Each structure stands twice: as C-alpha cells, then as structure tokens.
Amino acid sequence: MYGLVLEGGGAKGAYHIGALKAIKELNLEVEAVAGTSIGAMNGAMFVQGKLDIAYDYWYNISTAEVLDIEDKHLSNLLNLSINQNNLIYFIKKFKEVIQNRGLDNSFLRKILEENIDEKKLRDAKIDFAIVTLSLSDLRPLELFIEDIPQGKLVDYIMASSYLPAFKMQRIDGKILIDGGFYENLPIKTLLKKGYQKIIAIRTYSLGKIEQKSTENENIIFINPSQNLGRMLNFEQKNARQNIEMGYYDTLRYFKNLAGTKYYLNINETENFFINYLLKLDKKVIKKLLKQFSLPEEPYLRSFLENLIPKLINLLEIDYSSDYKKIIISLLEKLADNLEINRYQIYKFKELLTLVNKNYQKKDKKLVKKLPAFIKKSGFLPKQLKEDLLLDIAAKLFIEPGGNNFYE
C-alpha cells in the first residue's frame, strides 16, 4: 500500500495523469493521496475513480479554455515574439484582468463542480488531503478530507490552486491561496499522519519544498525525464506529451527499464555488452583511439583503459557505470538524433534495428566533419560534444566492423 503525493505545477499537471494511469495499470494499491494546487485537483479525481475523465480533460485541453487566452497569443508571449497585433490583444486582456481582479478560473471550477462528488470522495477507501495557505492569518493548512467543512470541498480544492494572478474568493471569511507557497510537494503531510511508503510525482515547478522531503531515502520519486514546459503552457501538444512522459517514466521505475530518454527492456547480460566491445574490429578501435590522440598499441588495452573513461566523461554518466549503461547511452544519442519515437518500450535489438533502418534512410548524413583529434583535456562546446558522440555511436552501431551485435 502506497501514499501518493502530487506536486503542484499548473499545466505540468498533465504529467500526473500519465503517472496515475501507469500506477492504475500496474495495480499498485494506494491508501492515501495528498496534492497541492493542480495536484489537489488531479488527486481528487483519482481518489473518486475518475481518472479516465481527468485523462480526457487533459488530453483535449487548450489555453483558450483554461485561461481564456488564445493559444497562438500565449505562445507568442512565452516565446517573447511580440508584435503590434498580439500587443494590442494583451493590453485588452490586461484591462479585463484588472477589472475582474484576477484571471478567470471559472473553467477549472466548472470541471470540479461537474465531477467532484463530495459524498463519494468522503466515503472513499483512499484518504485524501490538500495543502493551502491562509493569507488572512498567514497560516498553512494541511487539510485531510475530515478537516474540510461539509459542502465546501470544491471551494477548498480550488483554494489550493489560487495563484495570486487568479481571481480569489473568500472562504468562511478568509482568503486562501495556492498551497505551493507553503509546501508544493506535501510529503510531510502524509508522513505526519503515519503513511510511510510514499510515491511522489514531481513536476519541478515553482513553489516551496521542504528539502528534507526530497532527501528521504524511503520515498519513491517519479521524476520527469525531460522539461515539462511552463506552468501556464496549456497547449494541447505539450499536455499530450507530458501525459505520455508521466506514463512511461513511471513504468521505467516500476518495471526497472533501462535508458534515460528511451525505455528499454534489457534481457542481455553485462557480459553480452562486454563481449561486443571485445569483438569490435581492430580498425574501428584504432580509429577511435586516434580520434582522441590516445595510444594505439596495445589497442585493446588502450581502448578499455583510456577510451572508455573518456566516453563516460563525454556522456556525463557516473564513473561507476557498467558497459551496458555506456552502450545504451550511445544508442540513445543516435535514436534521439534520428527522431525515433521515444514513447514505447523497446527491446535492445528493436531499437538497434530502428536506428540502422532510419540511419540508412537519411543517407548517412548524420556524421559531420570533426577535428582530426581531440585533446584529452580540451574543453568541448556542447554541439561539438554531441557531434563527437554521434560519430562514435555511428562507428559502434552502423559502420562495418561495429554492427555485429547479433552475429
């Protein structure tokens, strides 16, 4: 049985939905959910068993609905692409916000009013908590379902999401604001009530987080494998991508999948990857050694003792990484460059085959001209480093003498 914590983050909340979908499919038993801001909203839907409904909302979401701002104008603003037309649009919107005393949040409230069944939520077997902050008396509120007055559940869930830019309302005579100002990742909310086995779904959003919470070795953290975008970027494309990322990042943890960007179900042993390196063509190894100005004889010893550590530094992975990690990291570089779909669980051979297939389709234009040698201590600009790693990966996986994984 797990306690589940959903970090606040506005539009980044789409990531929760993918993670929750994976948790449900994995049949993980959840006994409590605590959420801040959008985490409170998503958490309430999950506790009620309405994840499918929440998924549909997020999958079809748009900025125009949530913020009453057209997607194209918000996109221009976020990208600092300002022209006369969208400047006039935002001046008009700004005046509306001032007149209304904040951004309109009626869309989110409507979703809650239509989908929150207070009796069902209170009777659920899963405990539920939210975090908000009373601006009236500067007091944090960590509220479990029994602490919230009858008939006020929607009000308090909304209060947890009241960023200062949104129109706020008084609840029982007090102004409550977004819980992220007190605790955006309410792990301690569950810990204080005795829940110890916790899954925390991160968004890395703006908001206060108790450092001790993130250092707790007993907490399982589901971390985004890529940036989730901006808090107010409710564009449909971004939301759908974050849903998939949350789903596969959660599967990565619980299914022990390899990879950092891709998701690989590796059946091969460490010896398989060591043997491959040992079977590389002598000419390929010498090319790589020469490229780094490393001793070319004895070539195999120099390869293992000199080049492999250099590769680890270039890949920016832990020095204790095994050969499997090194080879998979290089394969991922090629796959990413070739724009192979990352949201799928691959066998090693499947991804390797796709890389070879797509590389051939691109007429082998991937490898760019590189310096004849790279000094060991030389500083490499980011793009040059990427080009160098792609070139090394091509020698290992594509070129003759380096593509014999399954021979």
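Tabulated values for the structure
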{"quantity": "Candidate set: region 309-325, residues that are touching a residue at least 24 places away in the same chain (Cβ under 8 Å) and open to solvent by less than 30 Å² (accessible area, probe 1.4 Å); chosen: the one nearest to LEU277 (Cα to Cα)", "calculated": "LEU311"}
{"quantity": "Residue check, ASP137 at pLDDT below 90 and open to solvent by 20 Å² or more (accessible area, probe 1.4 Å)", "calculated": "yes"}
{"quantity": "Residues within region 294-303 that are closer than 19 Å to LEU388 by Cβ and touching a residue at least 12 places away in the same chain (Cβ under 8 Å), tallied", "calculated": "3"}
{"quantity": "Condition check for ASN271: without any contact (Cβ under 8 Å) to a residue 40 or more places away in the chain and farther than 25 Å from GLY3 by Cβ", "calculated": "yes"}
{"quantity": "Restricting region 267-284 to residues that are assigned to a helix (DSSP H, G or I) and of a type in the set (Val, Ile, Thr), the residue that is nearest to the chain's Cα centre (by Cα)", "calculated": "ILE274"}
{"quantity": "Among the candidates ARG230, ARG252, residue that is under 28 Å from LEU330 (Cα atoms) and under 17 Å from the mean Cα position of the chain (by Cα)", "calculated": "ARG252"}
{"quantity": "Some residue of region 228-235 being on the phi > 0 side of the Ramachandran plot and either touching a helix residue (DSSP H, G or I) at 6+ places or on another chain (Cβ under 8 Å) or not polar (S, T, N, Q) (or both)", "calculated": "yes"}
{"quantity": "GLY10 vs. criteria farther than 19 Å from TYR248 by Cβ, modelled with pLDDT of 75 or more and among the small types (Gly, Ala, Ser)", "calculated": "yes"}
{"quantity": "Residue among ASP117, ASP137 that alone is out of contact with any Lys or Arg (no Cβ under 6 Å at 6 or more places or on another chain) and closer than 15 Å to PHE46 by Cβ", "calculated": "ASP117"}
{"quantity": "Output for region 202-217, where each listed residue is out of contact with any Ser or Thr (no Cβ under 8 Å at 6 or more places or on another chain), open to solvent by less than 100 Å² (accessible area, probe 1.4 Å), at pLDDT below 80 and in a loop (DSSP other than H, G, I, E, B)", "calculated": "GLU210, ASN216"}
{"quantity": "Condition met for LEU191 (out of contact with any strand residue (DSSP E or B) (no Cβ under 7 Å at 6 or more places or on another chain) and more than 21 Å from GLY18 (Cβ to Cβ))", "calculated": "yes"}
{"quantity": "Set LYS237, LYS261: member being in a helix (DSSP H, G or I), among the charged types (D, E, K, R), more than 26 Å from SER160 (Cβ to Cβ) and out of contact with any Gly (no Cβ under 9 Å at 6 or more places or on another chain)", "calculated": "LYS237"}
{"quantity": "Matching residues in region 178-201 - criterion: being without any contact (Cβ under 8 Å) to a residue 60 or more places away in the chain and of a type in the set (D, E, K, R)", "calculated": "LYS188, LYS192"}
{"quantity": "From PHE221, PHE128, residue being under 14 Å from VAL33 (Cβ atoms) and not in a loop (DSSP other than H, G, I, E, B)", "calculated": "PHE128"}
{"quantity": "Enumeration of residues in region 263-282 that are closer than 25 Å to GLY401 by Cβ and hydroxyl-bearing (Ser, Thr, Tyr)", "calculated": "THR269, TYR276"}
{"quantity": "Of residues in region 340-355 being of a type in the set (Ser, Thr, Tyr) and either open to solvent by 20 Å² or more (accessible area, probe 1.4 Å) or at positive phi (or both), the one modelled with the highest pLDDT", "calculated": "TYR343"}
{"quantity": "Cross-chain or 6+ apart pairs with Cβ under 8 Å, region 373-390 first and β-branched (Val, Ile, Thr), then modelled with pLDDT of 80 or more and open to solvent by 50 Å² or more (accessible area, probe 1.4 Å)", "calculated": "ILE374/SER293"}
{"quantity": "Number of positions in region 263-303 that are open to solvent by less than 20 Å² (accessible area, probe 1.4 Å) and within 30 Å of TYR247 (Cβ to Cβ)", "calculated": "3"}
{"quantity": "Residue match in region 247-258 (condition: under 30 Å from PRO400 (Cβ atoms), surrounded by 17 or more Cβ atoms within 10 Å (Cβ to Cβ) and aliphatic (A, V, I, L, M))", "calculated": "yes"}
{"quantity": "Qualifying residue in region 22-35 (condition: part of a helix (DSSP H, G or I), modelled with pLDDT under 95, farther than 21 Å from THR214 by Cα and not aromatic (Phe, Trp, Tyr))", "calculated": "no"}
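Yes/no matrix, rows are residues, columns are (1) in the same structural domain as GLN344 (by the TED database); (2) at positive phi; (3) not basic (Lys, Arg):
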| site | (1), (2), (3) |
| --- | --- |
| TYR156 | no, no, yes |
| ILE177 | no, no, yes |
| LYS188 | no, no, no |
| TYR204 | no, yes, yes |
| GLU215 | no, no, yes |
| ILE219 | no, no, yes |
| ILE243 | no, no, yes |
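The values are calculated or read from the model by the stated rules, or taken from the named source; none is laboratory data. This structure is a prediction, so every number in the text was calculated from the model and none was measured. Don't worry about glycine lacking a Cβ; one is built from the backbone with ideal geometry, like all the others, and counts go over all protein chains shown. What goes into the accessible areas is simple: the full protein's heavy atoms, side chains included, and nothing from ligands, DNA or RNA. Shrake-Rupley method; radii C 1.70, N 1.55, O 1.52, S 1.80 Å.
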